[in-house]
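Following: one structure in structure tokens, then a few remarks.
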Amino acid sequence: MAENAPTGLGEPPSVAALSLAETATTPAKHLTEQEINPWDVQAGTDEHGNTLEFDYVAISQKWNTKLLDKATLERFERLTGKKPHRWLRRGLFFSHRDFDLILDYYERGEPFMLYTGRGPSAGSLHVGHSIPFEFTKWLQDVFDVPLVIMLTDDEKFLFKEGLTIEAVKKFSIENAKDAIAMGYDLKKTFIYSDFLFMGSGSNGHFYENAMEFSKLVNFNQMRGAFGFDGSTSSGRVFFPNLQCVAAFASSYPFIWGDDIEADRKATTAAIPCLIPCAIDQDPYFRLVRDNSLRMQRPSPKPALIHSKFLTSLQGAGGKMSASVPMSAIFLDDTPNQIKKKINASFSGGQETLELHRELGGNPDVDVPYQYLCYFEDDDEKLDRFYHAYKKGEMLTGEMKKECITLVQSYVKSFQEARAKVTDEVVKEYMKPRKLEWKGNPNPTKPPKKAEEATEKADADGQKGQGKRAAKRAAKAAEKAAGDASKGA
Ligand code: TRP
């Protein structure tokens, strides 16, 4: 790997959050380029065919996202009074679109919602899956806003061969239990399976949004975003519309206390949305950002906060995979399985004890150290491990032991919470209903005037009908802010 290429989580915690934003990459010689899309994620290979690390700066540049910088995190801390989550401090969430606008809304005490999701799969989640869920739970606590979680069983049905609708609906319920075990506040959280919700009679507005949106997006745009071709099933071509309109507040009229029998409300459509997701989901949301202001009842472009992929136990360039048991720690693994897997994981230590003492290890590629970075909150402790390992004072076995203890206790507390989630509890989270939240308790700025919001939307490069739509969105947003501060 090039000397100054980003190493992300492997860096000492004090600088990790900055590592991407402030280092330029030297392009490595590639045999194959990395491939990142919602259904396939592969790291690149070097000229000898060795797997490289994911190049997150490259993907951010290619897709024109912003790297999360120190100033944004400082502003976050100033506004919320909360220290940024360790996954922000250490750059696991590394990139964004319009996260600063979300901070503006928060500063002005204006409402917004959180939206995340998952394509449900059989059996248990692995710890890589729990990251966006846990991070979203933390954001929900910090911002005190409503959250929707979309379980795209329809997507899985369309994109995975050999799955029946009946089977995939069951996965949704099991995965909902995993999500609920993260501890979301029931009053502020709506979880839904696409199959169950779309068939429920509460989803008329969602479907209207999907139809209207699908009429705006032509096949070239779908193909451009996802690489579809003439043999792609029409279901697959259609599905992205659903994941897109799930970002519109108006798809969930009940959350805001709107009449589900009446027409969609423009003021509800104007409520902004923040989507925490892994970077591979970005193509969906570029599509919705390109088109949301063209809706008859415009929605602002959703904001995004992107994570990297959790390194597989085999090391750099690998991604944890549900279908490769040894690549990942699963949330239903026993303490013994966890121990075995971590002991077998890729190490940055030297071949022998003598060599390790003499030359030191490489924490940047050491999987147990990387995992400690995911789960250990204490920056100072990590810093100590980092340097001790580098100097050869701390041994591979010691690093592994620290990691095993921490991951075992993380998984154990998850399992305890999961055991309490009954089918009845799942039903409550999945029931379409009005949500309750408070938002920012001390906004420091008055809500924005419609004209100012419009200027911002114009500066974003909206043209023609986009401009008018932006104006309408801004007006509606102003009204929504007023409504929400009265009601919810
Ligand atoms: N497509 C995602 C998956 O396969 C699921 C998903 C739906 C999602 N909506 C989302 C993920 C919003 C992140 C944010 O896992």
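The values are calculated or read from the model by the stated rules, or taken from the named source; none is laboratory data. Just so you know, these numbers come straight off a predicted model, no measurement behind them. Ideal geometry is used to build each Cβ from the backbone, glycine not excepted, and the neighbour counts take in all protein chains shown. Surface areas here come from the heavy atoms of the whole protein model, side chains and all, with no ligands, DNA or RNA. Shrake-Rupley method; radii C 1.70, N 1.55, O 1.52, S 1.80 Å.
Structure values in brief
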{"quantity": "Hey, A474 among the small types (G, A, S) and modelled with pLDDT of 95 or more or not", "calculated": "no"}
{"quantity": "Every residue from region 291-305 that is more than 26 Å from G109 (Cβ to Cβ) and touching a Leu at 6+ places or on another chain (Cβ under 9 Å)", "calculated": "N291, R294"}
{"quantity": "Subset of region 94-148 (residues that are under 14 Å from the mean Cα position of the chain (by Cα), of a type in the set (F, W, Y) and farther than 21 Å from Q243 by Cα)", "calculated": "F94, W138"}
{"quantity": "Residue list for region 64-88, filter: open to solvent by 30 Å² or more (accessible area, probe 1.4 Å) and touching a helix residue (DSSP H, G or I) at 6+ places or on another chain (Cβ under 7 Å)", "calculated": "L67, D69, K70, R75, L79, K82, K83"}
{"quantity": "Residue under evaluation Y252, criteria (1) under 18 Å from T116 (Cβ atoms); (2) free of Cβ contacts under 8 Å to residues at least 60 places away in the same chain; (3) away from the ligand (no atom under 13 Å from the Cβ), criterion not met", "calculated": "(2)"}
{"quantity": "Meets criteria (over 22 Å from D40 (Cα atoms), assigned to a helix (DSSP H, G or I) and within 15 Å of the ligand (Cβ to nearest atom)) for L139", "calculated": "yes"}
{"quantity": "Any chance P368 is not in a helix (DSSP H, G or I) and not hydroxyl-bearing (S, T, Y)", "calculated": "no"}
{"quantity": "When residues of region 139-174 are limited to those that are open to solvent by 50 Å² or more (accessible area, probe 1.4 Å) and among the charged types (D, E, K, R), the one modelled with the highest pLDDT", "calculated": "D141"}
{"quantity": "Within region 362-383, tally of residues that are open to solvent by 10 Å² or more (accessible area, probe 1.4 Å) and in contact (Cβ under 8 Å) with a residue 24 or more places away in the chain", "calculated": "9"}
{"quantity": "Flag if G128 is crowded, with 19+ Cβ neighbours inside 10 Å, in a loop (DSSP other than H, G, I, E, B) and not hydroxyl-bearing (S, T, Y)", "calculated": "no"}
{"quantity": "Residue check, L274 in a helix (DSSP H, G or I), within 16 Å of the ligand (Cβ to nearest atom) and touching a strand residue (DSSP E or B) at 6+ places or on another chain (Cβ under 9 Å)", "calculated": "no"}
{"quantity": "Pair list, Cβ < 7 Å and 6+ apart or interchain, from region 100-118 residues that are assigned to a helix (DSSP H, G or I) to residues that are open to solvent by 30 Å² or more (accessible area, probe 1.4 Å) and more than 15 Å from the ligand (Cβ to nearest atom)", "calculated": "L103/R75; L103/L79; Y106/L79; E107/L79; E107/P443; E107/T444; E107/K445"}
{"quantity": "Residue in region 294-301 that is open to solvent by less than 60 Å² (accessible area, probe 1.4 Å), of a type outside the set (A, V, I, L, M, F, W, C), within 16 Å of the ligand (Cβ to nearest atom) and closer than 30 Å to S251 by Cβ present", "calculated": "yes"}
{"quantity": "Unique match (being away from the ligand (no atom under 12 Å from the Cβ) and not in a helix (DSSP H, G or I)) among M150, M182", "calculated": "M182"}
{"quantity": "Subset of region 185-199 (residues that are open to solvent by 20 Å² or more (accessible area, probe 1.4 Å), in a helix (DSSP H, G or I) and either among the charged types (D, E, K, R) or over 30 Å from S413 (Cβ atoms) (or both))", "calculated": "K187, K188, F195, M198"}
{"quantity": "Complete set of residues in region 297-322 that are of a type in the set (D, E, K, R) and in contact with a Cys (Cβ under 6 Å, 6 or more places away or on another chain)", "calculated": "none"}
{"quantity": "Filtered residue count, region 297-342, keeping only those that are of a type outside the set (S, T, N, Q) and assigned to a loop (DSSP other than H, G, I, E, B)", "calculated": "17"}
{"quantity": "Positions within region 153-166 being at negative phi and more than 16 Å from the ligand (Cβ to nearest atom), in sequence order", "calculated": "T164, I165, E166"}
{"quantity": "Members of region 334-344 that are within 25 Å of E174 (Cα to Cα), in contact (Cβ under 8 Å) with a residue 24 or more places away in the chain and either open to solvent by less than 10 Å² (accessible area, probe 1.4 Å) or not charged (D, E, K, R) (or both)", "calculated": "P335, I338"}
{"quantity": "Region 272-293, residues that are crowded, with 24+ Cβ neighbours inside 10 Å and small (G, A, S)", "calculated": "S292"}
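Here's the yes/no breakdown for (1) among the acidic types (D, E); (2) over 18 Å from L310 (Cα atoms):
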residue	(1), (2)
E380	yes, yes
F385	no, yes
M394	no, yes
M399	no, yes
C403	no, no
